[in-house]
């Protein structure tokens with residue numbers, strides 16, 4: 001498995017990337033692991049987002065995986 005993430009477009013502060021299902025699963029798993037490895041105090045400073053924000057992103061990623 002080779003990682004082949006491609007940048008498709010940058011527009012108005014939004015970045016569109018092209019990833020495979022395998023790569024999306026890696027992103028899903030990495031986001032999920034942050035909930036196991038970081039406590040509430042360290043979460044935002046280390047991730048740059050709150051746990052709630054990352055949970056919302058994780059839900060979006062999971063819903064895309066389920067569609068595929």
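Values quoted throughout were computed directly from the atomic coordinates according to the rules given, and no laboratory measurement underlies them. These numbers were taken from a predicted model, which means no experiment stands behind them.
Here is how the number arises for the chain: DSSP H runs of 4 or more residues each give -39500 (n - 2.57), the sum is divided by the residue count, and the result at 222 nm is -20000 deg cm²/dmol. With respect to the chain, whose longest principal axis is taken over its alpha-carbon atoms, helix 51-67 is tilted by about 30°.
Helix 21-37 axis versus longest C-alpha principal axis of the chain: approximately 10°, rounded to the nearest ten.
Over the chain, what is the relative contact order in whole percent, taking alpha-carbon pairs under 8 Å and six or more residues apart?
Working: 41 pairs, mean separation 17.1, N = 68.
RCO, the chain: 25 percent.
Over the range 1-60, the fraction of Cα-Cα pairs per 5 Å bin, rounded to whole percents and listed from the shortest bin up, is 4, 16, 21, 20, 20, 14, 5, 0.
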